[in-house]
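Take a look at the structure set out below.
The values are calculated or read from the model by the stated rules, or taken from the named source; none is laboratory data. Just so it is clear, the model here is predicted, and its values are computed rather than measured. Backbone-built Cβ (ideal geometry, glycine too); neighbour counts: all protein chains shown. SASA here: full protein model, heavy atoms, side chains in, ligands and nucleic acids out. Shrake-Rupley method; radii C 1.70, N 1.55, O 1.52, S 1.80 Å.
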Amino acid sequence: MSSNDLSALNSRFAIPGHVQFKEGPGGLTVAEITNSLAESTIALQGAHVMTWQPHGQAPVLWLSRFGKFAPGKSIRGGVPVCWPWFGPHAEDAKLPGHGFARTVMWEVQETRAQPDGATFISFGLIETDATRAQWPHPSSAKLRVTVGAELKVELATRNTGSAPFQIGEALHTYFHISDVADMKIKGLEGCTYLDKVGGTTSKTQQGPIVIESEVDRVYLNTESDCLIEDLGLKRQIRIATRSSRSTVVWNPWIEKAEKMGDFGPEGYRGMVCVESANAVDNVVTVLPGAEHILQAMISVEALA
């Protein structure tokens, strides 16, 4: 993005003490948010929340130091937006996994300083001939982010056409942890999940989730908050959701992380994905004129 475009963004949407637009890594344009409660960086490509760190806390989101920041490339870490499908496309394997939303440009639509000191920013997905070729349904997608002591992310899909359509979606959130060996995930006990490692099988979660090898699971019909209990950082991360019926838990472990190339050595040890989603059996039908909103609220609590 040219300096003129940055100038126009800052002229229209910058808020002193809250939001400024800058050139980020790889030349990507980013919104840099710093307020009295927290700081965050959001790329306009993908409306991708890359970082969020409440003041006085370690980073809550994991962002790879070895990530490839380039136009049209997905960013390894933060909160990638998977939309309008999750995983491989159901009918055309040539289309990008997890949809196109995370690699195309979004436009800033609103910024606002909140009375409690938090910062609100809203993005709209920019439609192009390329996106319409992959997703021919008349619709709009917006991502609304509130950066404060909590991080609130809303993905809103509106059906602007005359026929219903189905979407799969996820806020594919990478969380920063001290070490995968000192972490467990609570809140999914008793849930049925599809285990995608070594073929897809259906299982039931027994007790908290402990990661000691590759994990790639879609938990179905989930409603409870998820808690990432981190003994090393003496904190737990709470993920509360609305209109999210699936929870995806993912860690590639050693071999897959090495093949991906953008994790770096031991990168898999410092992260876990707990994704707020609607996937597989929980895809969502959006009726004409209706809007569906997937929401995740992330907060940090001290361990007792």
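Overview of values
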item: Those residues of region 97-112 which are open to solvent by less than 50 Å² (accessible area, probe 1.4 Å) and at negative phi, in sequence order; result: Gly97, Phe100, Ala101, Thr103, Val104, Trp106, Val108, Thr111
item: Residue in region 257-274 that is in contact with a Leu (Cβ under 8 Å, 6 or more places away or on another chain), among the basic types (Lys, Arg) and either at positive phi or surrounded by 14 or more Cβ atoms within 10 Å (Cβ to Cβ) (or both) present; result: no
item: Every pair of residues 6+ apart whose Cβ atoms lie under 6 Å, when the first sits in region 234-260 and is free of Cβ contacts under 8 Å to residues at least 24 places away in the same chain while the second is assigned to a loop (DSSP other than H, G, I, E, B); result: Ala257/Phe263
item: Lone qualifier among Ala90, Ala58, Ala8 - being assigned to a loop (DSSP other than H, G, I, E, B), among the aliphatic types (A, V, I, L, M), open to solvent by less than 70 Å² (accessible area, probe 1.4 Å) and farther than 17 Å from Ile126 by Cα; result: Ala58
item: Selection from region 164-222 of residues that are over 26 Å from Leu233 (Cα atoms), in contact (Cβ under 8 Å) with a residue 24 or more places away in the chain and among the hydrophobic types (A, V, I, L, M, F, W, C); result: Phe165, Ile167, Ala170, Cys191, Leu194, Val218, Leu220
item: Residue pairs meeting the criteria (Cβ under 7 Å; at least 6 apart or on separate chains; first over 16 Å from Glu150 (Cα atoms), in region 115-127; second among the small types (Gly, Ala, Ser) and open to solvent by 10 Å² or more (accessible area, probe 1.4 Å)); result: Gly124/Ser140
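Residues are listed down the side, and each one gets a yes or a no for (1) at pLDDT 95 or above; (2) more than 17 Å from Gly87 (Cβ to Cβ); (3) touching a Cys at 6+ places or on another chain (Cβ under 9 Å):
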residue	(1), (2), (3)
Gly168	yes, no, yes
Thr173	yes, no, yes
His176	yes, yes, no
Leu194	yes, no, no
Glu212	yes, yes, no
Asp230	yes, yes, no
